[in-house]
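Written out below as structure tokens is the structure these notes cover.
The values are calculated or read from the model by the stated rules, or taken from the named source; none is laboratory data. Owing to the predicted nature of the structure, the values given are computational and were not obtained by experimental measurement. All Cβ positions, glycine included, derive from the backbone under ideal geometry; neighbour counts span all protein chains shown. Keep in mind that these areas ignore ligands, DNA and RNA; they rest on the heavy atoms of the full protein, side chains included. Shrake-Rupley method; radii C 1.70, N 1.55, O 1.52, S 1.80 Å.
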Amino acid sequence: MKKRMRFTGAVVSLLTVLAALVVSPAFAQQGPIVREISVDGNERIERATVESYLTLRPGEPYSAEAVEESLRNLFATGLFEDVRIELDGEVLRIAVVENPIINRIAFEGNRQLDDAVLEAEIQLRPRVVYTRARVQTAVNRILELYRRSGRFGARVDPKIIELEQNRVDLVFEIDEGPVTKVTGITFIGNESFSDSTLRGVIQTREAAWYRFLTSDDTYDPDRVAFDQELLRRFYLARGFAEFVVVSAVAELTPDGSGFFITFTVEEGPVYRFGELSIDSRLRDLSNEELASLIKGRPGDTFNADLVEETVQALTDQVGQLGFAFARIEPRTAADREALTIDVVFEVDEGARVYVERIDIRGNVRTLDSVIRREFRVSEGDAFNTALLRRSEQRIRNLGFFDTVEVRTQQGSAPDRVVIDVRVSERSTGELSFGAGYSTSDGALGDIRLSERNLLGRGQDLRANFTISQRRQQIDFSFTEPYFLDRNLAAGIDLLARETDFQSEASYDETIYSGTLRAGYPLTEDLRHAVRYTLRQANIHNVDDDASVFIQDEEGKRITSLVGQTFIYDRRDTRFLPSSGYLLRLDQDVAGLGGDNRFLRHEGRADWYYSLAKNWVINLGGGAGYIFGFAGEDVRLSDRFFLGGSSLRGFESAGIGPRDTDTQDALGGNLFYVGTAELRFPLGLPPELNIFGRSFIEAGSLTEIDVDGPTLADSGNIRASVGVGLSWLSPLGPLAIDLGFPIVKDNVDKTETFRVSFGTRF
């Protein structure tokens, strides 16, 4: 029995030893067991939050890999400045140093960029955890903002002010440095065009004293990138189909005050148009119907702009013919030996696509409805490129936005498209104080309050007070462009004006008037407006030596007038147009009450044509006729006057019926005038906005309802020639004209020099 027990004990001992030999290496590799976790140094952050980022738990074996991963997790939170993890026996001790909380952010030394601009660009805010990485990111962003404004020498030094409760004030000390100008711009590889010509193509400009009102002479990498595209367009429009910009290098001068920019280009050969044709694959639409829309002819110098214009013209035409889904694709084939490029405009039935929705972004103040009502397409309509382009133009014409970008994106299905509209609002309100001089009014000053987008609804409100040597005027107007949510522009005008006509006709005139008006479109280019005006005109301060025809007019008269206007506008732009035409017809009838009864017609036509870039010819003409009825004559305040800006070379009211004894101008019932004017550049930097004009004008003013031995009214045509200078200055427009009458009457009053200048500041 004892032997059996000793044998059993030996077996157990042997098994115990074997088990120890097998198990002990595993325990040696796992290390000690963590029995407890201790967290020290945390003030704002809960202990449980710290433990949640650990990969070790009580009861698990300790390992260096787990500790390293836990450290990474804790530092990645951005909550801690320092973290230490140590094993003390079976206790895992975690010591943390929390990052402080930002109490306040301040900027010092910034004059060019406001605090609000800087705060909006950095990622830091009060009550956010402070970290060195975040501060460095903010410093880099501030430096980038200054570089974009042309200050590459700017320096930013972040400082912290420690407060109680582990809070800090963060102060960015900024040294803005001087504006880094573009000292020189050179081109390498340009053989066909001089450096000076190419400098006029790009937007970046070399620094000059007269560029103090523009930032184009400061270095901007984005602008230089755009300059490369401008160069490419310039060369492609002149036949250089293989043109490339090899590089655009900007080098900072040693003293850091300026940049030298060098563009390296490869021009390549000049190509000409080969065959130009249309391949229409649309049913019931032949190539011959569209051939007349092709811009350019075989043998002409290749012009990428003409190709694009042809695509747009074809798109508009096929869209008007009802092919809403047509696709125009120009296919080019270059012959490098003959140096020609054949272009085939493929007109194909594109995929049927509909407008899923219209998204509008960037309009902080302007209501969505103000933008949406300018669209020529609506959600659910067939997508039409021509109508979309017209919609974009209408939004731009509002004048409420600095930039308007209309893009298309894929919708929720292949046949759906989303129109994405991005706008950047501009200031539409103006409180301005003006001063200036004009030949007609002498020295003048005015105060003007205007808001073209009242409350973001697109409403127009204007109030103006003007005082000059000859005229005092107060006027107010308000326009609701979509009255009763219809495409009907309704408005009111109020006017009080006193004018000194002593030099022309020996009297003063005071007018009070109010007008109610409404206008609406008949077609996309034709507009009709109606109005009602109630006006009181008072002829007073009549000189004792004034003409008897003037003395008979002394007193107050009330006019009750209904009128209408038709405007047909096909100009490319409303301001300084270079192509298109404008037709206008005004008709008024007075007699629905009041003292005056007359019918007045007045028309005007202007046609613009671009002879070359910035060379624009304008041919225009106007005529008017007024006559009384029901036994009433046309009174002095209602007659036409011609001269001054309406017929240069002659004074205001310088021609027409006149009293030969007193030389007083009496006005007339019939006038006509014609103008031929050429607008041309003067070779000055484009940003100065100075251009020249030459003109020929002819016209006449005649017929009057009074008669007498001293009345002179020949009805002869008068004519003048002259030159002028216009400057669209930031403070207002200035115009100087030298007019020389070549056909005139002896009683006419001429004027060689005329200047008009108004300022805004």
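Each residue, LEU611 and SER247, gets one label point 7 Å from its Cα in the Cβ direction; the gap between the two is 4.4 nm.
Say R0 is 25 Å: what FRET efficiency, to the nearest 0.05, do ARG331 and ASP525 get from their beta-carbon distance?
Approximately 0.15, to the nearest 0.05.
I need the semi-axes of the equivalent ellipsoid of segment 662-761: take the C-alpha gyration tensor, multiply each eigenvalue by 5, square-root it, list largest first in whole angstrom. Mind dumping the intermediate values first?
Working: eigenvalues 238, 47, 24 Å².
Three semi-axes, in Å: 34, 15, 11.
The calculated FRET efficiency for the pair THR660 and VAL743, based on their C-beta separation and a Förster distance of 22 Å, comes to about 0.65.
Magnitude of the charge dipole for segment 358-436, about its Cα centre and with charges confined to Cβ atoms of Lys, Arg (+1) and Asp, Glu (-1), is about 140 debye. The helix-only estimate of mean residue ellipticity at 222 nm for the chain, built from DSSP H runs of length n ≥ 4 each weighted as -39500 (n - 2.57), is -5500 deg cm²/dmol after division by the residue total. Here the peptides 582-590, 644-652, 247-255, 499-507 are ranked by packing, the mean other Cβ count within 10 Å, and the order with the highest first is 644-652, 499-507, 582-590, 247-255.
In terms of Cα atoms, the Rg and Dmax of segment 247-380 work out to 22.2, 70 Å.
Between ARG283 and GLU164, the modelled label-to-label distance comes to 8.6 nm, taking each label 7 Å out from Cα in the direction of the beta carbon.
Please work out how much length the chain gains when fully extended from ILE45 to ALA120, using 0.36 nm per residue of separation minus the C-alpha to C-alpha distance, in nm with one decimal. Could the numbers behind the result be given before it?
Values: separation 75, 0.36 × 75 = 27.00 nm, distance 2.84 nm.
Taking ILE45 through ALA120 to full extension adds about 24.2 nm, to one decimal.
So what's the angle, to the nearest 10 degrees on a 0 to 90 scale, between helix 221-236 and the longest Cα principal axis of the chain? The angle comes out at about 60 degrees.
The alpha-carbon of LYS181 sits under 18 angstrom from the alpha-carbons of these aspartates and glutamates, leaving out residues fewer than 8 places away in its chain: GLU144, GLU206, ASP216, ASP217, ASP220, ASP222, ASP227, GLU251, ASP255, GLU687. Per the Debye calculation on the chain with a single equal scatterer at every Cα and no solvent contribution, log₁₀ I(q)/I(0) for q = 0.06, 0.07 Å⁻¹ amounts to -0.63, -0.80. For the chain, the longest principal axis of the C-alpha atoms and the axis of helix 2-30 are separated by about 30°.
Across the accessible surface of the chain, with the other protein chains kept in place and a 1.4 Å probe, carbon and sulfur atoms take up 53 percent. Length available on full extension from VAL548 to TRP209: 0.36 nm per residue minus the Cα-Cα distance, which gives 116.2 nm.
Based on a Kirkwood Rh over C-alpha pairs, give the Stokes-Einstein translational diffusion coefficient of segment 599-716 at 37 °C and viscosity 0.692 mPa s in µm²/s. Write out the running numbers ahead of the final one.
Working: Rh = 16.3 Å.
Here the translational diffusion coefficient equals 202 µm²/s.
Working from the Cα coordinates of segment 506-586, the gyration tensor eigenvalues give, after taking √(5λ), semi-axes of 38, 17, 9 Å in decreasing order. Averaging the Cα positions of each part gives two centres, and for segment 688-751 and segment 139-155 these lie 54 Å apart. Using the Cα coordinates of segment 54-156, the gyration tensor eigenvalues translate into equivalent-ellipsoid semi-axes of 42, 13, 9 Å, sorted from longest to shortest.
The GLU346 and VAL418 beta-carbon pair, evaluated with R₀ = 30 Å, returns a calculated FRET efficiency of approximately 0.70.
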